[in-house]
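First comes the structure, then the notes that go with it.
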Amino acid sequence: VGRGTAPLKARLLDQSVVAGIGNLLADEVLWRAHLDPRRPAGELRTEELDELRRQLRAGIRHAVKHGGVHTGEVIPHRTSGGHCPRCGASMVRATVGGRTTWWCSKEQGAA
Ligand SMILES: [Zn+2]
C-alpha cells in the first residue's frame, strides 16, 4: 500500500493492493489508524504502515463480529454535522480516489 503518489484512500480501494476493501471499511480503517486519506501513499513511514495493517485487521475483525462494515465505530458519524466519536471534532467530507470520503478534521487533517 505504501507506494506511489496516489492518495492513501485510493490505494486502499485499489483491488490489486488490498482485495475487496470497500468504501466504508477504508474510511473506518484510516480513522482507526489516525491517517489522512489524502496523503500520498508513498509518504507513509514504516510505523504508519504497520499501524495501518494492524487497524485493517482490527477493522475487519470488528465488521465480521458485529455483522458488517456498517457497524464500524466511525460509520454512523459519516454525515453532515457529524462529530468524531473519539475526539469530538467535526467530520469532514471530500471525494478522494473517486469516492465519498469522511474523516476527522482534527486527528486526520483539516479539510
Ligand atoms: Zn477525532
- Accessible surface of the range 19-96, 1.4 Å probe, proportion on carbon and sulfur as whole %: 51
- Task: Give the long-range amide H neighbours of Gly4: residues separated by 5 or more places, or on another chain, with amide H under 5 Å away, using H modelled in the peptide plane at 1.01 Å from N.
- Result: Gly42
- 25 °C / 0.890 mPa s Stokes-Einstein diffusion coefficient of the chain, Kirkwood radius on C-alpha pairs, µm²/s: 179
- Task: Rounded to whole Hz and in sequence order, give me ³J(HN,Hα) for the range 95-106 from the Karplus expression 6.51 cos²θ - 1.76 cosθ + 1.60, θ = phi - 60°, writing x for Gly and Pro.
- Result: 8, 10, x, x, 10, 5, 10, 10, 8, 7, 5, 8
- Item | Computed lengthening from Arg99 to Glu73, 0.36 nm per intervening residue step minus Cα-Cα distance | 7.4 nm
- Query: Add -39500 (n - 2.57) for each DSSP H run of 4 or more in the chain, then divide by its residues: what number comes out at 222 nm, to the nearest 500 deg cm²/dmol?
  - Reply: -10500 deg cm²/dmol
- Message: Only four residue types carry charge here, +1 at the Cβ of Lys and Arg and -1 at the Cβ of Asp and Glu. Report the dipole size of the chain about the Cα centre in Debye, rounded to the nearest 20.
- Response: 140
- Item | Average accessible surface area per residue within the chain, 1.4 Å rolling probe, Å² | 52
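The values are calculated or read from the model by the stated rules, or taken from the named source; none is laboratory data. Not measured: the values here are computed from a predicted model. Methodologically, a virtual Cβ is constructed for each residue, glycine included, from the backbone with ideal geometry; neighbour enumeration extends over all protein chains shown. Calculation scope for accessible area: heavy atoms of the full protein, side chains included, ligands and nucleic acids excluded. Shrake-Rupley method; radii C 1.70, N 1.55, O 1.52, S 1.80 Å.
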